[in-house]
């Protein structure tokens, strides 16, 4: 039987390792890895194929860079009621809980603010008036939605950026664990990691050191569970010596001052870990206190 | 006998026989626009139709290379050949595209490109010259197509 | 101002990790969501159908068929098929009716069955279950060339068959024209109940023998030893030509050469005298080879709210059995997801040169003879209706009902004496009911 | 008997030569419909063929090869 992996190397690659197979591809504008502790090529290939299909599906559906996709439809409804499917409803329900638990700090309607802060070193500080105008369009509490419909004020734009990648990691992990319950696998999308199936000798995962990018500061051993990293190591800019990270406080309209450079949190699943990391970043100086109260393992780089 | 046919079909195709960027198509707002707007970029012209299976498979890949090489001057232009625009819109709803989509319901541009199958793709360098064309879409050949584009982008 | 805010926040913030974890479970509890992008292209496409075929007071059959197809990459497709059918009821033995009751020996030689006066003799030992499995692999070699290879195996109580096939397709002028060359070979082993009868040997009937031994030795004398086999080699050349945006045409020529045991071990002929009274019963005998030609042309059209196809087939062979078949299907879509379909078929056949409804006692035995009406003169027609529903997710359900009538005709044989009182060419009527589901 | 066979074969091969019949690749929308595929009702046809094969003297003829869909 022809091995199918050769047919699909174009979009992603699958290489043999002594512990199993390493699958690599790109999605959500970040390098993605699937570590599969199993020796059969066709199973590894099928798992990788499932992971890529699911990751691309979520990206195409919720990326704010793709015209005409599901998110685009919602953001261009200018006030009209829109039909939503079950998956979108689940995400909105989760985002609402995060909004309430973080007293409004985590707000997925902060789309317009995101677009203002073009995060690359050459960007200038946006004028205060434009920030106020953008802030006026933000406010998750003004969105009405139920399991079938959503109605947003005109001009409001949702941005699932804060949760989509972690959600994709968990979805892929969930589906792989469901189809192959006894094959340990590690899903890693640009630092957001999930290991649904326990592995006897744990995976060794390197945590990036913000000062020296692309090489691991310290190594975490994970047998099961998830880990998410939130940080401005790549997306930040400095004006008059003040460093602005990519975490914007929706209430002030400005990036959070004194936010740590990066926060890594371990949790039961990637979405929870990611949310805690983002909320810690939003606490700015209070990041350490906040995470200590959550009694989760974490590491913060300042 | 075969040669005569060839001659006849060439003449029938009219002056613009060879594939080029000097052709009139319609944009999403149904305004007539010319393909020459992409001159100066490396252009990947793709002819597709809503009923064609392999075309549906090529969209995600075209999305990927458009996002990847956009700022290096790549323009992916997918020309729809459905006579019924409704079918094309239905397709685009299901299969999102983050590259330029144009429409040629009469198929006159497709005729002058003399397509051999669906989908058909044509690669133009920055000077607007046709350098490569392919018929159909195969996942295992996508890397080859991408490499050809990268070489053109480097010129 | 922001510093102060953060301080207040830190003190108030409570343990929310648990609440968050709970909230996130909702995201994955969904049993998998409808993927908008086309169904994962590499899934199995399954078609299944259950069919009941019932003749008026003769044979009944139930047939279950299932196919599964999976694409591998863009170029290859694997096809699997499984068929299980079971046959019950009685079928014509080939003997003619008589004005008095008749007794026949069962094919196994154990036991007899008797037929009332005036009835067409039917052999009811027909209870059989057949299982068949096919596998096929097709591969697009280049945009112009496609290769298909396949194999099948089929087993029933007294018959085993297996075969291989391969075909190549070549596309011309932008895939408007497709030339097709196919070959197939099959090998069948025929091992009938009670053994193969000796050609044209006389049926031993227990009642005509004083003792069991005498009957037994007479019966054994009518048996050939062991099983026999039959090889079939087919070749087909075809062309599919696109005529317009909505119509295509297909024309095929098929040549089939069959060699080996072609006789039907369970069929007999009555030997009658000039008054039409049966004197003897002989097991039939057919040639051991047959060369068949088939010419088939079909056109199919895509209508606005439907599909229609018309086909004509001409068959001829060196048994001089010629046939014409006209067939059409017309499908009409009442709505986008609901259609009705009409199926009409007319079939007309002239008898094989060795077909005889019976043998005359006073004429010398021919080399080959069979009274099996299925290779006699006959015309038949089918009228069927079908309804189909296209359901969500690419599923489709359909059900159809068909009526099939066969009218055997006299191929010019003069009917002697009292046989004229009986209908030697009775009309056969059958109903087919089928339910199909695909996903 | 051989003569008709030869005529048929040359006819079929000859047909493939004419290139004026047919449509452009992008005009195959109707032909690409699932109900236009030659094997779109392969189960029904297989069941029919089995009945007619066991009830009549001749069989075969049909081939599912080729087809209208023009996409590669």
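The values are calculated or read from the model by the stated rules, or taken from the named source; none is laboratory data. Not measured: the values here are computed from a predicted model. With ideal geometry, Cβ positions are generated from the backbone for all residues, glycine too; neighbour counts draw on all protein chains shown.
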What are the residues in segment C:353-393 that are in contact (Cβ under 8 Å) with a residue 60 or more places away in the chain, within 13 Å of another protein chain (Cβ to nearest Cβ) and either within 23 Å of the chain's Cα centre (by Cα) or surrounded by 21 or more Cβ atoms within 10 Å (Cβ to Cβ) (or both), if any?
C:370, C:372, C:373
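The rows are residues; the columns are (1) within 14 Å of the chain's Cα centre (by Cα); (2) within 11 Å of chain C (Cβ to nearest Cβ); (3) at pLDDT 85 or above; (4) surrounded by fewer than 24 Cβ atoms within 10 Å (Cβ to Cβ).
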| position | (1), (2), (3), (4) |
| --- | --- |
| A:261 | no, no, no, yes |
| A:265 | yes, yes, yes, no |
| A:272 | yes, yes, yes, no |
| A:275 | yes, yes, yes, no |
| A:285 | no, yes, no, yes |
| A:288 | no, yes, yes, yes |
| A:295 | no, yes, no, yes |
| A:299 | no, no, no, yes |
Counted residues, segment A:118-152 - those being at pLDDT 85 or above and part of a helix (DSSP H, G or I)
3
Can you pull out the residues in segment C:259-286 that are within 14 Å of chain D (Cβ to nearest Cβ) and in contact (Cβ under 8 Å) with a residue 40 or more places away in the chain?
C:264, C:266, C:267, C:286
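Mind checking which helices (runs of 4 or more DSSP H) fall wholly inside segment A:1-117 and carry at least 1 residues that are at pLDDT 85 or above? Outline the logic, then answer.
On the way: elements: A:41-62, A:70-75, A:86-101, A:111-116.
Correct list: A:41-62, A:70-75, A:86-101.
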Residue A:232: passes all of (1) touching a strand residue (DSSP E or B) at 6+ places or on another chain (Cβ under 9 Å); (2) at pLDDT 75 or above; (3) within 30 Å of residue A:127 (Cα to Cα) but (2)
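Rundown of residues vs (1) more than 10 Å from chain D (Cβ to nearest Cβ); (2) touching a strand residue (DSSP E or B) at 6+ places or on another chain (Cβ under 6 Å), yes/no style:
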site: B:101; (1), (2): yes, yes
site: B:107; (1), (2): no, no
site: B:114; (1), (2): no, no
site: B:118; (1), (2): no, yes
site: B:122; (1), (2): yes, yes
site: B:129; (1), (2): yes, no
site: B:132; (1), (2): yes, yes
site: B:139; (1), (2): yes, no
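Say whether the condition of being at pLDDT 95 or above, more than 9 Å from chain D (Cβ to nearest Cβ) and out of contact with any strand residue (DSSP E or B) (no Cβ under 6 Å at 6 or more places or on another chain) is met by at least one residue in segment C:340-348. Steps first, answer last, please.
Let us first name the residues in segment C:340-348 that are at pLDDT 95 or above, namely C:340-348.
Remaining after also requiring more than 9 Å from chain D (Cβ to nearest Cβ): C:340, C:342, C:344, C:346, C:348.
Those left that are additionally out of contact with any strand residue (DSSP E or B) (no Cβ under 6 Å at 6 or more places or on another chain): none.
Scanning segment C:340-348, I find no residue that is at pLDDT 95 or above, more than 9 Å from chain D (Cβ to nearest Cβ) and out of contact with any strand residue (DSSP E or B) (no Cβ under 6 Å at 6 or more places or on another chain), so the answer is no.
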Among the numbered criteria (1) assigned to a strand (DSSP E or B); (2) out of contact with any helix residue (DSSP H, G or I) (no Cβ under 8 Å at 6 or more places or on another chain); (3) more than 14 Å from chain A (Cβ to nearest Cβ); (4) in contact (Cβ under 8 Å) with a residue 60 or more places away in the chain, which single criterion is violated by residue C:103?
(2)
What is the residue count in segment A:171-208 for residues that are in contact with a strand residue (DSSP E or B) (Cβ under 6 Å, 6 or more places away or on another chain) and either more than 17 Å from residue A:51 (Cα to Cα) or within 14 Å of chain C (Cβ to nearest Cβ) (or both)?
12
What is the residue count in segment B:26-61 for residues that are surrounded by fewer than 23 Cβ atoms within 10 Å (Cβ to Cβ), within 14 Å of another protein chain (Cβ to nearest Cβ) and more than 25 Å from residue D:33 (Cβ to Cβ)?
4
Go through (1) within 9 Å of another protein chain (Cβ to nearest Cβ); (2) in a helix (DSSP H, G or I); (3) surrounded by 19 or more Cβ atoms within 10 Å (Cβ to Cβ) and name the single condition residue B:68 misses.
(3)
The conditions are (1) part of a loop (DSSP other than H, G, I, E, B); (2) touching a residue at least 12 places away in the same chain (Cβ under 8 Å); (3) within 13 Å of chain D (Cβ to nearest Cβ), and residue C:142 fails exactly one of them. Which is it?
(2)
Exactly one condition in (1) over 17 Å from residue C:175 (Cβ atoms); (2) within 12 Å of the chain's Cα centre (by Cα) is not met by residue B:127; state its number.
(2)
Going through (1) more than 7 Å from every other protein chain (Cβ to nearest Cβ); (2) at pLDDT 90 or above one by one, residue D:10 fails only at (2)
